[in-house]
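Below is one structure, written out as structure tokens, with a few remarks after it.
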Amino acid sequence: MAKKQYWLMKSEPDVYGIEDLERDGQEPWDGIRNYQARNFLRDSMKVGDKALFYHSNAKPPGVVGIMEVVSEPETDELAFDPKSNYHDPKSDPENPRWVQRQMGFVEKFPRMVSLQDIKEDPELEEMLVIRRGQRLSIQPVDKVHFDYICKLARKK
């Protein structure tokens, strides 16, 4: 069996936040229109992988919970919908360019681990999310960083 991997996945809370995933239980992670992020979603992720749910474009931004990959890659149908913000007229239904995965709710943290907390913690200095120019909405996370963020977020 493949080794479990860990991810950080960003969503704007006013578009789809951790509360929405908690309510829905499971949701397609769609609308990814960056090739590197798409490749992680399509090629690298495995069912059972865990992801930190990160509220981006928020005040403050930060990690708010955990979700789990619960499906194999699926075609992102939004690419074919001209009314969607994620429409891609060059994507071919016979050979789709964009994929999504179903993500399942695992946990909402009692407290957010903000981007500022991550930047100020020497234990987390290697995380991609704080690297200059790193704007990917899906990025790998080392298990040690994943576990450490979970510990911080669950601290009373």
Distance between modelled label sites at ASP43 and LYS151, nm, 7 Å Cα→Cβ extension: 3.4
Shape category assigned to region 31-98 from the gyration tensor of Cα positions, a/c cut at 1.5: oblate
Local net charge near LYS50, Cβ-Cβ under 11 Å (Lys/Arg +1, Asp/Glu -1): -1
Sorted by Cβ neighbour density within 10 Å, fewest at the top, the residues LYS46, LYS3: LYS3, LYS46
Filter on LYS90/LYS119; LYS59/LYS143; LYS46/LYS156; LYS83/LYS151 - keep pairs with C-alpha separation over 30 Å: LYS90/LYS119; LYS46/LYS156; LYS83/LYS151
Span from the region 1-54 Cα centroid across to the region 129-156 one, whole angstrom: 13
Residues listed by number, region 74-88, amide nitrogen under 20 Å from ARG135 label point at 7 Å toward C-beta: 85-88
Stretch gain in nm, segment VAL106-GLU125, where the contour uses 0.36 nm per residue and the Cα spacing is subtracted: 4.3 nm
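Read the figures in this text as sums done on the coordinates, not as results from a lab. As the structure is a computational prediction, the values presented were derived from the model and not from experiment. Note that each Cβ is placed from the backbone with ideal geometry, even for glycine, and that neighbours are counted across all protein chains shown.
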